[in-house]
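Below is one structure, written out as structure tokens; comments come after it.
The values are calculated or read from the model by the stated rules, or taken from the named source; none is laboratory data. Since this is a predicted model, take the numbers as computed values, not measurements. Positions of Cβ are backbone-derived with ideal geometry, glycine not excepted, and every protein chain shown enters the neighbour counts.
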Amino acid sequence: MRFLFKTDYRQDLRLFKHGGQVFWYGALLLALMVAPWLLPDYWVSQLIFVCIYSIAGIGLMVLVGFTGQVSLGHAAFLAMGAYTEAYLQQHGWPFALSITFSALVAGLTGIIVGLPALRVKGMYLAIATLAFGFIVEEGLARADSVTGGNAGKMLGPLEVFGLPIDSDQRFYYLVLFFLVLVVLGVMNLLRSPTGRAFVAIRDSEISAQSMGINLARYKTTAFALSAAIAGIAGAFYAHKIRFLSPDQFTFLQSIELLMILVIGGVGSIYGAIFGAAFWIVVQQLIVLAKDWLPPAIGQQTGLQPTIFGLILVGFVLFEPMGLYGRWLKIRTFFQLFPFYRKGMFRRQKSYMKSERLK
Amino acid sequence: MLQFLQLVASGIAQGCIYGLIALGFVLIYKATETINFAQGDLMMLGGFLGLTGTLAMGLPFWAAFFAALVVMLFFGMALERVVLRPLLGHPAFTVVMVTIGVGYLARGLVTMIPEWGTDTHVLPVPYKDQIVSVGGNGTEGGLILSMEHIVIIVVTALLILALYLLFKHTKIGIAMQATSQNQLAAFYMGIPVRRINMLVWGISAAVSACAGLLLAPITFVHANMGFIGLKAFPAAVVGGFGSIPGALVGGLIIGVVETLAGFYLPEGFKDIAAYIVVLVMLAVKPNGLFGEKLAKRV
């Protein structure tokens with residue numbers, strides 16, 4: 001067990017709490033850097049997807065996990081980022097500019113969606129975002145002069161500052177760089193007054209308001225940031241798939257992002273990354289399992305939704321804190337050994353308090 | 001003019017379906033303050049049960065109809081007992097995610113059942129392809145209604161009446177109202193809150209199954225028919241989420257607007273009309289037409 005003696009307020013603000021963290025995160029980064037040389041191309045490609053989904057997951061986490069606002073239409077922000085990137089690239093914009101613009105356009109859309117969030121909350125907000133998601137999906141299919149409509153849109157090869165990104169390895173480094181950037185950015189955000197305001201709004205809107213937090217401003221900021229990060233993920237998604245069509249950004253995609261958060265653990269950046277990694281690995285395992293399962297089960301088209309459903313229900317029922325929560329429990333068990341008690345992470349249950357006055 | 005009436009009539013029939021699914025949402029929301037995202041999938045299960053009843057077991061249609069409702073009643077209760085009960089007292093977001101998971105599970109498992117599978121099935125109904133003409137002479141000049149639409153409207157009306165009587169005039173209905181208003185107080189008054197919640201889930205599942213069976217002759221029965229439930233959210237919101245008559249009125253509004261939009265507006269508006277209506281409604285009157293005042297007590 002490591003004891004941290006705090007002698008300075010700035011210690012609370014440090015990104016790394018102690019030397020051990022610096023070492024282990026450094027080791028992780030090193031492992032991620034050498035991974036593309038050691039792994040076969042196929043798995044590098046999957047690692048890219050893990051990074052993309054992690055970025056999207058962190059974006060949604062800012063909104064759901066830290067600000068406590070639900071969004072069932074996050075695929076729309078992915079789509080805005082992806083299509084903006086595709087459109088700008090087609091018109092010859094350099095990557096550095098086009099990705100900035102993709103994030104900006106998605107962020108602006110986020111502000112528009114955030115506006116109803118000022119008036120409605122909880123489930124009403126969920127339904128407003130759901131409605132928005134459907135409208136964007138349909139809009140993309142109809143605006144075929146820009147998006148190519150249902151026929152889809154192809155993307156050309158990517159080039160960054162004159163360097164052609166023609167292999168998965170190079171693309172992987174690019175995405176990894178942005179993932180690290182986003183993680184650091186969000187970590188910084190969370191220790192800033194803005195981030196703390198987000199968390200305060202999540203924990204109680206009324207007390208946040210009475211502490212002088214402008215709900216309208218911070219909720220809109222949260223939507224904009226979340227959407228902008230999702231837009232970046234969308235832009236990379238576009239470059240990875242190289243083909244965009246509206247049916248890649250459906251309601252189910254939004255739900256999948258939420259599932260990633262729940263599986264990983266809502267309320268921490270680790271959660272988004274763990275969830276994304278788990279998500280991709282499970283999908284690959286299902287593909288692998290199809291070969292050795294008896295055909296009566298393996299060839300069922302319903303296999304994937306069934307397994308996703310089971311995983312989701314299982315996590316909510318048995319590990320509501322997600323993979324990150326499980327990791328915390330295991331770590332605490334060894335740190336406190338042999339004093340770990342079963343009830344240490346038990347959540348307080350509460351009687352339902354109706355939000356309806358009557 | 002006649003064409004307009006014709007569109008409104010079919011919009012009302014479609015709206016009844018939305019209204020019934022929205023009713024399922026509202027019942028559960030009122031009782032447990034969570035949204036059940038698996039509502040559309042419960043509807044799909046109802047449709048498949050009707051299919052099994054009529055085709056595999058050879059029951060007459062209406063017998064299969066009621067059998068399916070009863071089975072779904074118990075299915076809903078079992079679902080509450082096994083999946084939702086352990087989550088009592090947890091945040092609403094958790095419960096919503098678990099219902100989404102149940103929806104995935106239902107869609108996946110249904111395709112694995114041999115007789116059901118991924119195919120699109122036709123539910124044989126006794127009133128198939130019959131047409132009723134109102135006003136006008138014979139089949140010409142009048143308002144033409146298909147029997148499927150009339151059955152939808154009539155059954156919905158009967159179901160609403162039955163639910164109204166249940167809530168107003170039976171002990172159990174009043175207990176449900178009390179539970180939905182204040183769980184803790186209801187519990188102190190000796191109302192078995194858990195059993196009431198279970199029953200509410202059962203009734204909600206049965207209402208959705210009813211919607212599925214009524215919709216089956218029009219859209220056929222398949223594993224993804226539950227996605228129509230996503231259009232019932234706007235219906236529930238337009239009506240005010242906590243209101244039972246509101247759910248039906250909201251459903252009718254959405255149904256009629258959608259049908260009219262499909263005819264008069266450019267292609268593509270039909271699918272998003274419901275969502276545009278709900279966004280306008282949330283901007284203008286977030287509590288819906290019949291909604292209760294929303295305010296959080298500190």
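Structure data summary
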read-out	value
Members of the range A:123-136 found to be more than 7 Å from chain B (Cβ to nearest Cβ), closer than 16 Å to B:Val96 by Cβ and not polar (S, T, N, Q), listed by number	A:Leu125, A:Ala126, A:Gly133
A:Asp12 of a type in the set (D, E, K, R) and in a helix (DSSP H, G or I)	yes
Lone qualifier among A:Tyr53, A:Tyr83 - being at pLDDT 95 or above, among the aromatic types (Phe, Trp, Tyr) and in contact with a helix residue (DSSP H, G or I) (Cβ under 8 Å, 6 or more places away or on another chain)	A:Tyr53
All helices (runs of 4 or more DSSP H) inside the range A:200-313 with 2 or more residues being away from every other protein chain (no Cβ under 14 Å) and farther than 25 Å from A:Ile135 by Cβ	A:215-241, A:269-292
Answer from B:Val83, B:Val98, B:Val102 - the residue that is among the β-branched types (Val, Ile, Thr), within 22 Å of B:Leu27 (Cα to Cα), more than 20 Å from the chain's Cα centre (by Cα) and within 7 Å of chain A (Cβ to nearest Cβ)	B:Val83
Single match in B:Gly242, B:Gly268, B:Gly288 (criterion: at the interface with chain A (Cβ under 10 Å from one of its Cβ atoms) and without any contact (Cβ under 8 Å) to a residue 40 or more places away in the chain)	B:Gly268
Residues of the range B:63-111 that turn out to be farther than 23 Å from A:Arg202 by Cβ, touching a residue at least 24 places away in the same chain (Cβ under 8 Å) and surrounded by fewer than 18 Cβ atoms within 10 Å (Cβ to Cβ), as a count	4
